[in-house]
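Below is one structure; the comments refer to it alone.
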Amino acid sequence: MEYLFSTAVGALTAGGIYLVLRQRTFTVILGISLLTYAVNLFLFASGRLSINLPAVLRYGTETYGDPLPQALVLTAIVISFGMTAVIVMLGLGAYLAARDDRIDLDDATPGATDTAPAQGKGDMT
Amino acid sequence: MPLILIAILPFLGALLPGLMIRAGRTVCAWTTATVTAAALIGLLVHAPAVLAGEVITYRLDWLPQLGLNANFMLDGLGLLFAGLILGIGLLIIIYARFYLSREDPMGTFYTYLLLFQGAMVGIVLSDNVLLMLVFWELTSLSSFLLIGYWKHLPEGRQGARMALAVTGMGGLALIGGMLILGQIAGSYDLSVILTQKDAVQASPLYLPALILILLGAFTKSAQFPFHFWLPHAMAAPTPVSAYLHSATMVKAGLFLMARLWPVLAGTPEWFYIVATTGLVTMVLGALIALFKDDLKALLAFSTVSHLGLITMLLGFGTPFAAVAAVFHIINHATFKAALFMTAGIIDHETQTRDIKRLGGLRHLMPVTFVIGTLAALSMAGIPLLNGFLSKEMMLEEAERTIWSGTPWLVPALATFGALLSAAYSFRFVIHTFMGPERHDYPARPHDPGFGLWGAPALLVVLVVVIGILPAAVAGGLVAAASGAVIGGDLPYYSLKIWHGITPALYMSIIALAGGAVLLALHRPLDRLWQATPRPEAKVIFDALMAGVVWLARAITAGVHNGSMARSGAVFAVTIVVAGYAAWAGGAQAPATRDLLPLAAVPLAGWFALMLVTLCLVFWHHQRLVALILIGVIGLIVSVGFVYFSAPDLALTQATVEVVTVILLLLMLNFIPKTTPFESSAGRRLRDGAIAVAVGLGAAALTFALQITDFAQPSISAYHLANSKTGGGGTNVVNVILVDFRGFDTFGEITVLGIAALVIFALTEAVLASPVGKWLANRPLNPDKAGDAHPLMMVVATRVMMPIALVVGTYIFLRGHNEPGGGFIAGLIVAIALVMQYMASGFDWAAARQRFPYHGIIAAGVLIAALTGVGSWFAGRPFLTSSFGYFEIWPIEEFELATAMAFDVGVFLCVVGAVMLALESLARLARRSGVRPSPHAMDVDPSRDVTAGGQ
């Protein structure tokens, strides 16, 4: 089972990284979402995996899943929604201002940041 | 007064000048002087005990685990330096009142000065080296402010930057050295370190520690080859120069060497590094000083030279030399501060400091003449003045010193240095005050008021008194301070003018006579000096800095050229490489856990997840498809949480997934629906390789984590054991959120609320900009659905609304004991509300929304905070929860916990934040000219029937 879990985390990470390295805001946001899943799963797994254990305390049971990573991941999921919402708004504002959703102003040449007036408006948000 | 108060008083007092300047310049100066005087009195109260040999300490544990304690110690050395810092500081404050012009912001000046003073006092009173380092860095920063005080002068700014760069770099080296020293000695407390001489000097790390510490001391005390910053710091106002370069900043390095003398001194390494550096600095500084025409530059290089002298004495490593060093520190501070103030007076009254434009001032400025002359002659080493006494001791010790088997080298160079020193001192007097009166002074010179000459006059009185009655006036202080430096019995010495006919006397006579001859030959020598090519330190420094800046720019531009993809790639690769290095470099714990058995259902889920992730990567150009696939992945993850015994996470993940997809749909409403193919094949290959490498790393890390047990016992057991008894709930996850880690949760909901407000603010900014007008009038999408608010959907959501609210309430109420809670309930309610917006339209829903979402967020945070504050009234710490069981007929016994009120806050904050974020984005879609429809549905049969009936 641990093989499956680990490879799934790996696949989500790899997909996330690939999408984050792309050129358009929407794709990058998707990539960040994938990375979020991967990170949350990883944190969750730091309590070690457990199957068919009770979720709440009951008499006569000694073993439970590790509650601490669960609590941390729970808030992480909610917070990551808030952060996704902020970058969505940033990306959207930049697109609306520049009519272009590329994240890199000019990928090839260093210092091109200063010489792209149309793109510069993207900073307004 | 406790020692900590003496050190902190100037910092506290630094708040005052900025306020008191409104009451006038004099009041401001007196306030500042009062602060310093209070600290000085507090210090002097301890003086009798310290002079009697006691060591006063003050202990305050701060971070004892790190060895970082606010321990203060006052011994003879500390008393000497703290007395100099506060005493001369007091004189400088009075002097500055009359020196600064009306245009200079005096409140700022005094604030900087007090900050600096506090930092210096802190250095000399610290008993903990880490604490000392903090103060050390503070002196670098505050001296930067002081040197650059005249912000309008480019020299001032450059000088300040140079001083900061040099002393700051030295400070970094010092941190390294002190940490090594603390490691060797096993403590960061100076009182312990000072007893560990043998352990330190036997350690293989002695030399690295020594070099690093000396780098710090040499840069601060302007020793060759770091001497160049000091003359450039002369661009500061003269009170600053007088303070920093006579008694304080540059003496900090000497203090450090003296303080650590018992541990570090006495080895050949110490002798050759410290004594040689001091000797070279002494001769070089004096040589340059002789040919400087600017009075302050002359004094600056003479300071460099005298610092070299003291460094050399400390470097000799003998107890007698240490006594001479301590004595010269006192003498140099008195005559040099007086000289700087004299130079300031001359500059102030004649509007020039160029020695070639001065001369003949003795009749025009008689008081200044007397003060300046006595101080300068003391610097030259004329008998009956204090400079003579310590210089004799220096020569006596130099005469005994053998450098690498050569007995004549040190005495000859020391005499030569003294000769040069005499020459420039004479030059200061003769070329400024003697000679015929001139008629081309830039301003008509005359003596200033008592305010300006009072302070240097007092110092000159000390110069003379110590010079005539050394043992009576300074004997006790010298003995106490030397005793602290040596850390053992004092050697035989006597502070008196006449020691008989000794070699030192001959050397002294040679120096004075030679100095006079050299001054007579000054004109031809000066021409020769000006014609000789010399390396210019500032040019070298600037070139060096330019090189460093270029290198930093080149690296930054290579890694971080503004392309996010590139930084991302660099970041990812770095992490993989660092992770691999950590894995390859460390030992792996053996596998201690059995693997869970494989089953068919999770295998199917795994296949689905892999497939969907692959599809997402390949089809991400179709944005709607990609969004659906993300949703699928989220659902699989939720199911995974259920499978791995985490129902709370599953509920959260599923509900968050819904709102995230709605969020991204809202974004997709505005942006293009497809991503163009624009990356080259090579680029895709590269990114793919990076992605696979990171993915493999993540998989390996996750797996490695799974097969081993916890390295330390987990605190989860505590939570499990106390959840029911202490927190009153059986759902441990929820109890952790609202009780054990309630403060974390409080922070998290606050962050969530802030994120929502940020989104709201960004939306406002977009709508207020020209983009907002364009948005409102943009062309309609031709593919628009005919029925934006279909009947079926409106009816269905209306029916579902109360059900969803009941479910939300239920999930909330059971949260403490069953999976659920404020987070999940908040998300469910938010989804129910969003559905109304989606089905019935923004305007229809917004018109029925009574409470602004900002208010709901605020209410949530407030309720959570008040719940926490409530426990104060019960005399418990913030957010301590309590619970009890109640019975109200006809309901069964139920539990009420204060944590539930906290959970209400969480609930409200989540609802408000999610709704505010989505509503803000939705507002972007509103168009101008479209009146809000009073009807929820575009097509409404009941309305049509009514219309048809008319």
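From the list A:Y64, A:Y59, A:Y95, the lone residue that is more than 7 Å from chain B (Cβ to nearest Cβ) and aromatic (F, W, Y) is A:Y59. Listed by position, the helices (runs of 4 or more DSSP H) inside segment B:235-339 whose residues that are out of contact with any His (no Cβ under 7 Å at 6 or more places or on another chain), free of Cβ contacts under 8 Å to residues at least 40 places away in the same chain and open to solvent by 10 Å² or more (accessible area, probe 1.4 Å) number at least 1 are B:276-290.
Of all residues in segment B:1-31, which are among the β-branched types (V, I, T) and within 26 Å of the chain's Cα centre (by Cα)? Matches in segment B:1-31: B:I4, B:I6, B:I8.
When we screen B:I863, B:I828 for residues that are open to solvent by less than 50 Å² (accessible area, probe 1.4 Å), assigned by TED's automatic domain parsing to the domain that holds B:L918 and in a helix (DSSP H, G or I), the only hit is B:I828.
Of the residues making up segment A:79-89, those that are facing chain B (nearest Cβ under 7 Å) and open to solvent by 30 Å² or more (accessible area, probe 1.4 Å) are A:I79, A:M83. Those strands (runs of 3 or more DSSP E) of segment B:1-100 in which 3 or more residues are surrounded by fewer than 17 Cβ atoms within 10 Å (Cβ to Cβ) and of a type outside the set (G, A, S) occupy B:61-63.
For (1) within 21 Å of B:F291 (Cβ to Cβ); (2) surrounded by 15 or more Cβ atoms within 10 Å (Cβ to Cβ); (3) at pLDDT below 90; (4) not assigned by TED's automatic domain parsing to the domain that holds B:V367, each residue gets a yes or a no:
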| position | (1), (2), (3), (4) |
| --- | --- |
| B:Y424 | yes, yes, no, no |
| B:P436 | no, no, yes, no |
| B:Y441 | no, yes, yes, no |
| B:A457 | no, yes, no, no |
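Rundown of residues vs (1) within 14 Å of another protein chain (Cβ to nearest Cβ); (2) touching a strand residue (DSSP E or B) at 6+ places or on another chain (Cβ under 6 Å); (3) surrounded by 15 or more Cβ atoms within 10 Å (Cβ to Cβ); (4) not basic (K, R), yes/no style:
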{"residue": "B:A554", "(1), (2), (3), (4)": "yes, no, no, yes"}
{"residue": "B:S563", "(1), (2), (3), (4)": "yes, no, yes, yes"}
{"residue": "B:A578", "(1), (2), (3), (4)": "no, no, no, yes"}
{"residue": "B:G605", "(1), (2), (3), (4)": "yes, no, yes, yes"}
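Of the residues contained in segment A:31-47, none is found to be within 7 Å of chain B (Cβ to nearest Cβ), outside any loop (DSSP other than H, G, I, E, B), in contact with a strand residue (DSSP E or B) (Cβ under 7 Å, 6 or more places away or on another chain) and buried (at least 22 other Cβ atoms within 10 Å of the Cβ).
When B:G860, B:G841 are screened for being among the small types (G, A, S) and over 15 Å from B:G808 (Cβ atoms), only B:G841 passes. The set of residues in segment B:735-757 being open to solvent by less than 50 Å² (accessible area, probe 1.4 Å), of a type outside the set (A, V, I, L, M) and more than 8 Å from chain A (Cβ to nearest Cβ) consists of B:D739, B:G742, B:F746, B:G747, B:T750, B:G753. Can you tell me which residues in segment B:675-710 are in a loop (DSSP other than H, G, I, E, B) and under 23 Å from A:A38 (Cβ atoms)? B:T675, B:S679, B:I707, B:T708, B:F710, listed by residue number. Pairing each residue of segment A:48-68 that is over 27 Å from A:S6 (Cα atoms) with any residue that is of a type in the set (V, I, T), provided the two are 6+ apart or on different chains, yields C-beta distances under 6 Å for A:L57/B:T730.
Just the residues that are within 7 Å of chain A (Cβ to nearest Cβ) and open to solvent by 20 Å² or more (accessible area, probe 1.4 Å), please, taken from segment B:645-662. Correct list: B:P647 only. For segment B:704-721, taking the residues that are facing chain A (nearest Cβ under 9 Å) and open to solvent by 70 Å² or more (accessible area, probe 1.4 Å), the one that is nearest to B:T592 (Cα to Cα) is identified as B:D709.
Yes or no, residue by residue, for (1) within 29 Å of B:P239 (Cβ to Cβ); (2) in contact with a Pro (Cβ under 9 Å, 6 or more places away or on another chain); (3) part of a helix (DSSP H, G or I):
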| residue | (1), (2), (3) |
| --- | --- |
| B:W453 | yes, no, yes |
| B:V464 | yes, no, yes |
| B:G476 | no, no, yes |
| B:G483 | no, no, yes |
| B:Q530 | no, no, yes |
| B:P533 | no, no, no |
| B:V549 | no, no, yes |
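Take the conditions (1) at the interface with chain B (Cβ under 7 Å from one of its Cβ atoms); (2) part of a helix (DSSP H, G or I); (3) of a type in the set (A, V, I, L, M, F, W, C); (4) under 20 Å from B:H719 (Cβ atoms); A:A76 misses just one of them, which is (1). When you scan segment B:673-682, do you find a residue that is within 7 Å of chain A (Cβ to nearest Cβ), in contact (Cβ under 8 Å) with a residue 24 or more places away in the chain and open to solvent by 20 Å² or more (accessible area, probe 1.4 Å), even just one? No, that holds for no residue. Farther than 26 Å from A:G65 by Cβ and under 40 Å from the mean Cα position of the chain (by Cα), is that true of B:A756? For B:A756, the condition - farther than 26 Å from A:G65 by Cβ and under 40 Å from the mean Cα position of the chain (by Cα) - is met. Does segment B:683-692 include one or more residues that are at positive phi and touching a Ser or Thr at 6+ places or on another chain (Cβ under 8 Å)? Taking every residue of segment B:683-692 in turn, none turns out to be at positive phi and touching a Ser or Thr at 6+ places or on another chain (Cβ under 8 Å). When segment A:1-27 is filtered for residues that are touching a residue at least 60 places away in the same chain (Cβ under 8 Å) and open to solvent by less than 10 Å² (accessible area, probe 1.4 Å), only A:F26 remains.
When B:S679, B:S645 are checked against the criterion of being on the phi > 0 side of the Ramachandran plot and modelled with pLDDT under 95, B:S645 stands alone in meeting it.
The values are calculated or read from the model by the stated rules, or taken from the named source; none is laboratory data. Since this is a predicted model, take the numbers as computed values, not measurements. Here Cβ is always computed from backbone atoms with ideal geometry, including for glycine, and neighbour counts include all displayed protein chains. Remember, those area values only see protein heavy atoms, side chains included, never the ligands or the DNA or RNA. Shrake-Rupley method; radii C 1.70, N 1.55, O 1.52, S 1.80 Å.
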